[in-house]
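Asks: Sharing a structure with you now.
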Amino acid sequence: MTDLYERLKAYEGSAAITSGVGKDPVNEPMIRHWCEAMGDANPAYAGPEAMAPPTMLQAWTMGGLSGHTGRSAEQDELFSLLDGAGYTSVVATDCEQEYLRPLRPGDRITFDAVIESVSALKATTLGAGHFVTTRMDVRADGELAGRHRFRILKYAPARRNPKGTGVATAPQRPRPVINRDNAGFWEGVAGRKLLIQRCGGCTTLRFPWLPGCGRCGSARWDTIEASGVGTVYSYVVMHHPPFLAFDPPYAVGLIELAEGVRVVSNVVGVPYDEVRIGMRVQLEFLRVDQELELPVFRGPVEGSVEGMAGGLAGGSVEGLVGGVG
Ligand code: ZN
């Protein structure tokens, strides 16, 4: 164990936030805004018996622009130590939540957070660094209601080779994490099909793949194949942080498929600064390397919205497909 790692480990178990208080009690307006943003019309989240979506757990604890009271000096010291050792960049890597009881309008939220673990030095495609996991215990009217674990990577950014040096050292694009819930999707991709799950109970389509239906709760499902026609519903242009397998800036699109579900993917065939909301795009499969093929969307596809709708209603997208340049 290095001297630095010993010093970092000493912060495990230290408080990150002590006696935090939610800025607002659980309330219907925040629940409604969340559900609208998520497109979640589950009736459990509305009406006189409403509960909050469990995934809102962290929302009730957020400090907003004015921040939290109760933030510990230990957490600041830990990050200063990492900064001082050259691990100056930060990226959030993942979070896990456990739900112990439903939250309902009127519940008063309090919370404590603890620095649960600091990893040994790890090599990542972003650069070498330490993972820091913080656990927040969230209470409603004093009773433990859920736990939120949040993991970040504090890292020393790896240097990119300057463009045009001809040195091919870029690491591979990350592999998808395939599990039993999404294996069918990747089997579809291997067959150059973009498969959408369809609920066996209420026929609602869903994407990304999930084990159950968010509308009726049924665990039965089959799939339909996407036609491949879509529009850019929203997008971001990635500049930072630099990620060695990618070449920023590039556009990441939220593509609304003709079937109604949305897919996060790359928009290709158009300069990153010319991607626009509403741009019509067409599915294609990008062979990234020997093992990896990904569904991406090529834009812009010519044609009017009316033409697209008419083509779909008539069961034909020939005109659209023909229009892909
Ligand atoms: Zn359903």
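Asks: Name the pairs whose Cβ atoms lie under 8 Å apart, with the first residue in the range 215-226 and aliphatic (A, V, I, L, M), the second within 12 Å of the ligand (Cβ to nearest atom) and modelled with pLDDT of 95 or more, and 6 or more positions between them or separate chains?
Replies: Ile224/Arg198; Ile224/Leu205
Asks: Asp247: exposed (fewer than 13 other Cβ atoms within 10 Å of the Cβ) and assigned to a strand (DSSP E or B), yes or no?
Replies: no
Asks: From the list Val270, Val264, Val229, pick out the single residue that is closer than 30 Å to Ser89 by Cα and either away from the ligand (no atom under 16 Å from the Cβ) or in the same structural domain as Ser89 (by TED's automatic domain parsing) (or both).
Replies: On the way: Val270 fails: closer than 30 Å to Ser89 by Cα; Val229 fails: closer than 30 Å to Ser89 by Cα.
Of Val270, Val264, Val229, the one residue that is closer than 30 Å to Ser89 by Cα and either away from the ligand (no atom under 16 Å from the Cβ) or in the same structural domain as Ser89 (by TED's automatic domain parsing) (or both) is Val264.
Residue by residue, here is whether (1) within 25 Å of Ala52 (Cβ to Cβ); (2) modelled with pLDDT of 95 or more holds:
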{"position": "Gly127", "(1), (2)": "no, no"}
{"position": "Arg135", "(1), (2)": "yes, yes"}
{"position": "Val177", "(1), (2)": "no, no"}
{"position": "Arg180", "(1), (2)": "no, no"}
{"position": "Gly188", "(1), (2)": "no, yes"}
{"position": "Arg198", "(1), (2)": "no, yes"}
{"position": "Leu205", "(1), (2)": "no, yes"}
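Asks: For the range 206-223, name all the residues that are exposed (fewer than 13 other Cβ atoms within 10 Å of the Cβ) and on the phi < 0 side of the Ramachandran plot.
Replies: Passing the criteria: Pro211, Ala219, Arg220, Asp222.
Asks: In addition: Name the single residue, out of those in the range 191-205 being more than 10 Å from the ligand (Cβ to nearest atom) and in a loop (DSSP other than H, G, I, E, B), that is surrounded by the most Cβ atoms within 10 Å (Cβ to Cβ).
Replies: Only one residue fits best here, namely Leu194.
Asks: Now for a different question. From (1) outside any strand (DSSP E or B); (2) among the hydroxyl-bearing types (Ser, Thr, Tyr); (3) assigned by TED's automatic domain parsing to the domain that holds Glu259, pick out the condition that doesn't hold for Ser218.
Replies: (3) is the only condition that Ser218 fails.
Asks: Select from the range 167-190 the residues that are over 23 Å from Ala258 (Cα atoms) and of a type in the set (S, T, N, Q) and write down the one among them that is nearest to the ligand (Cβ to nearest atom).
Replies: Ranking the qualifying residues of the range 167-190, first place goes to Asn179.
Asks: Tell me which residues, restricted to the range 61-87, are part of a helix (DSSP H, G or I) and more than 20 Å from Arg151 (Cβ to Cβ).
Replies: Our first condition is that a residue be part of a helix (DSSP H, G or I); within the range 61-87, this holds for 61, 73-84.
Listed by number, the residues that qualify are Ala73, Gly84.
Asks: One residue is enough: does the range 28-49 have a residue meeting the conditions assigned to a loop (DSSP other than H, G, I, E, B), surrounded by 15 or more Cβ atoms within 10 Å (Cβ to Cβ) and over 24 Å from the mean Cα position of the chain (by Cα)?
Replies: no
Asks: May I pose another question? For the range 232-244, which residues satisfy the criterion of being surrounded by fewer than 16 Cβ atoms within 10 Å (Cβ to Cβ) and either in a loop (DSSP other than H, G, I, E, B) or within 16 Å of the ligand (Cβ to nearest atom) (or both)?
Replies: The answer is His239, His240, Pro241.
The values are calculated or read from the model by the stated rules, or taken from the named source; none is laboratory data. Keep in mind that this is a model prediction, so the values were computed, not measured. Please note: Cβ atoms are built from the backbone with ideal geometry, for glycine as well, and neighbour counts cover all protein chains shown.
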